[in-house]
1. Quick one: P(r) of the stretch 43-112 from all Cα-Cα pairs, 10 Å bins, percents rounded to integers, in order of increasing distance.
2. Could you order 43, 216 by accessible surface area, starting with the largest, using a probe radius of 1.4 Å?
3. What translational diffusion coefficient, to the nearest whole µm²/s, does the chain have by Stokes-Einstein, given a Kirkwood radius computed over alpha-carbon pairs, a temperature of 4 °C and 1.567 mPa s viscosity?
4. Using unit Cβ charges (K, R positive; D, E negative) and no other charged atoms, how large, in debye to the nearest 20, is the dipole of the chain about its Cα centre?
5. Just the Kirkwood number for the stretch 573-655, please: inverse of mean 1/r across all distinct Cα pairs, in Å, one decimal.
6. Can you give the relative contact order of the chain as a percent, counting alpha carbon pairs under 8 Å and 6+ residues apart?
7. Spelling out what I want: for every residue of the stretch 633-639, take phi, set θ = phi - 60°, compute 6.51 cos²θ - 1.76 cosθ + 1.60 (Karplus), and round to whole Hz; glycine and proline get x.
8. Out of the stretch 510-597, which GluC sites (Glu not before Pro) are coil in DSSP terms and have no more than 16 other C-beta atoms within 10 Å?
Amino acid sequence: KVETVESQTDVLIIGAGPAGLMAAYWMAVCGVKARIIDKRGTKVLTGQADGLRPRTLEIFDSIGFQHRVIHEGHVAVEANFWVPDATGKLTRQGPHCSPKINESNHHNMLLNQGRIERFLIDKISKHSDLEVERGIIAESFEYDEKLEKDLDSYPITVKLRTLSGEEANPGDISKDRSGSQPANGQGRGSLLPDDWEELIQKSRVRQTKTEIVKAKFIIGCDGAHSWTRKQVNIPLEGSSTEHIWGVIDVVPLSNFPDMRRLGTITHSSGTILVIPRERRLVRLYVPVQMVDSTSTNRFDRSAITLETIKSRVQAIMSPYTFDFHICDWWTAYQVGQRVAPAFNKGNRIFLAGDAVHTHSPKVGLGMNMSMQDGFNIGWKLAMVAVGAANPAILDTYNAERHPLAEMLLEFDRLWSGEFTETTDSDGPAAPDKADRMVHVVEKYMDFADGLRTYYPASPLVWKVSEEEGPEAARNLIPGERISPIKLRNQAEGNSKWTTRLLESDGCYRIIVLAGDVRVQEQKKRVEALGRFLSAEDKTMVSPLHRYVPIPGRKDQIEVVTIHSAPWKEVEFFDFPEIFRPFDLIMGWGYDDIWCDNSCTWDPHCGGQGYEKWGVDRTRGAMLVLRPDQYIGWVGELEEVKDMTDYLDGVLIKMPTPEI
Ligand code: FAD
């Protein structure tokens with residue numbers, strides 16, 4: 001007999017891959033009543049994604065686990081392109097390094113997707129008792145659209161089924177990392193202890209049951225074959241010409257000099273992508289078969305073996321040698337380039353990650369984009385679910401993320417083309433191959449690394465002009481992420497990157513760029529702002545205590561002050577108290593006042609932050625940062641009304657106490 005239970009939750013997340021876990025992080029931080037389920041018995045343990053882009057790493061820093069990525073991962077910033085010269089000899093072109101390498105304090109890294117999932121899971125459990133419920137599949141779905149506007153209602157009904165151990169854990173996990181025919185997936189020898197624990201847990205006996213869950217909101221993060229997307233009849237649209245690729249994670253035995261450098265090797269029969277990884281692993285992507293969708297003779301992907309992939313690598317790399325004893329993971333895949341026309345249905349059902357965009361893994365962006373989708377919808381939905389934000393902000397999810405998915409596909413089409421089109425009409429290999437590859441990479445660099453985000457004007461993004469940044473801060477453009485600078489703490493003298501300082505903790509932030517407070521007139525401007533924020537004059541309404549906070553917080557808004565005067569010429573206590581609030585238990589807010597000064601002992605802390613942000617060092621400026629570190633509003637220190645109007649459009653005001 002199958003037991004059936006009924007339950008309610010505010011947010012149900014289907015799928016605990018990178019997108020789902022990132023969304024779940026916000027639920028945990030903002031105290032949302034939420035659940036996250038996955039049909040798989042474990043998280044990813046080996047294989048799949050490994051490339052991490054700077055903006056993703058900035059997000060990790062703001063969550064607080066980037067140090068773990070640095071500890072375990074591999075940095076790869078230079079790429080070398082090996083192409084045949086006029087005599088046909090493979091020759092190195094490069095190294096190529098992005099001209100914008102120092103736009104972020106974090107550089108491209110490689111680390112297995114499974115480790116990233118581990119770090120996210122650990123963070124989620126630090127903030128709440130939300131846990132991934134594994135071996136549970138979503139099977140039926142009903143949506144009562146009539147209830148959409150009533151935020152207290154539960155219009156979504158989902159039937160969940162607990163899978164048997166076999167259904168939840170298909171495939172063979174018994175082969176060892178050094179086995180001669182490694183499992184296409186996982187091997188015990190390659191796992192770190194905390195992941196091994198996960199495997200032991202999955203062997204526990206499971207009791208089959210079904211559960212009817214009523215939910216207010218649902219986020220479908222259930223991958224390329226998304227069940228949730230199908231329930232709401234949103235298609236995936238795109239090109240259907242597909243090629244079959246082999247991918248292997250091996251510890252290579254080779255005399256190729258750049259075996260542990262990021263790069264490509266081009267031969268007349270194809271191009272290999274070489275990606276150095278953690279623990280001496282190297283990932284190789286290799287074309288094994290070209291398929292044209294117009295052909296009726298579709299190639300059987302299951303016919304591809306590890307041996308097929310190995311011999312293709314050997315052929316392309318020749319005369320260099322290639323072999324291995326250790327293979328951590330391998331697969332053969334066939335990818336279409338597709339995007340869903342919409343990432344939501346109304347303001348209750350949202351889709352994120354591979355569920356709404358699929359493309360080739362060679363641009364190394366799927367996991368990054370998926371996590372950034374989850375990060376974007378996560379904070380918005382969490383704040384709406386706890387009654388702290390206006391539900392209208394949910395419309396910005398599709399508006400902000402959909403154009404980026406389109407751009408991702410555009411990039412992927414060009415980049416993948418470089419791997420499949422290797423011949424010119426007049427020769428065996430394109431002579432300008434390396435130049436063309438560099439050109440494609442540079443064209444999409446800002447987008448791919450997440451340095452520019454292009455979020456359009458909306459209630460969350462106040463733009464004066466689409467073309468240029470606000471006058472008060474030319475390079476702080478609403479709709480873009482705040483570019484990182486390193487600052488010196490006024491009271492303590494230590495230095496910190498803004499990527500860590502501006503934590504993803506669910507707060508909105510007012511950043512006061514106080515300018516040169518040694519100048520009397522400037523000091524008066526800052527003091528006037530202080531009086532406004534502390535509502536000393538009862539005719540003023542301070543935004544600081546005006547809005548409903550997320551559970552566990554006193555206020556929804558935090559103030560961070562960054563001044564430009566030499567730290568020795570002003571004191572912490574010179575600033576109005578509202579900028580450095582006192583707490584009976586924790587004392588003064590030493591973490592709230594920073595200066596844009598250089599540190600002799602820290603070369604990254606150069607005292608040039610105002611210049612990078614395009615802000616006048618004397619006059620300063622003011623900005624509002626969204627919880628995801630994107631700029632919402634920018635203005636002068638006096639423009640408090642505009643700023644409050646912006647916040648009023650996003651956050652929910654506290655009820656006025658009855659007299
Ligand atoms: P997924 O990771 O697919 O997670 C979806 C989850 O939903 C799964 O755990 C699944 O079990 C669960 N699920 C599905 N249906 C249901 C259901 N009905 N009920 C319950 N649970 C369900 N990306 C990069 O950024 N960089 C790279 O270098 C890179 N390399 C890659 C290499 C390869 C070989 C492959 C295959 C992919 C690569 N990617 C890379 C892409 C990356 O792996 C994906 O884009 C990413 O995993 C997508 O995350 P997601 O959370 O959207 O979906």
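The values are calculated or read from the model by the stated rules, or taken from the named source; none is laboratory data. In this text, all values refer to a predicted model and were calculated from it rather than measured experimentally. All Cβ positions, even for glycine, are placed from backbone atoms using ideal geometry, and neighbour counts span all protein chains on display. Keep in mind that these areas ignore ligands, DNA and RNA; they rest on the heavy atoms of the full protein, side chains included. Shrake-Rupley method; radii C 1.70, N 1.55, O 1.52, S 1.80 Å.
1. The distribution over the stretch 43-112 is 18, 38, 26, 14, 4, 0, given as percents.
2. These residues rank, largest area first, as 216, 43.
3. Result for D is 49 µm²/s.
4. Once rounded to the nearest 20, the dipole reads 1320 debye.
5. Radius from the Kirkwood sum: 15.6 Å.
6. About 15 percent, as a whole number.
7. With the stated coefficients, the stretch 633-639 comes to 8, 9, x, 8, 4, 7, 7 Hz.
8. Hits after loop and neighbour filter: 536, 571.
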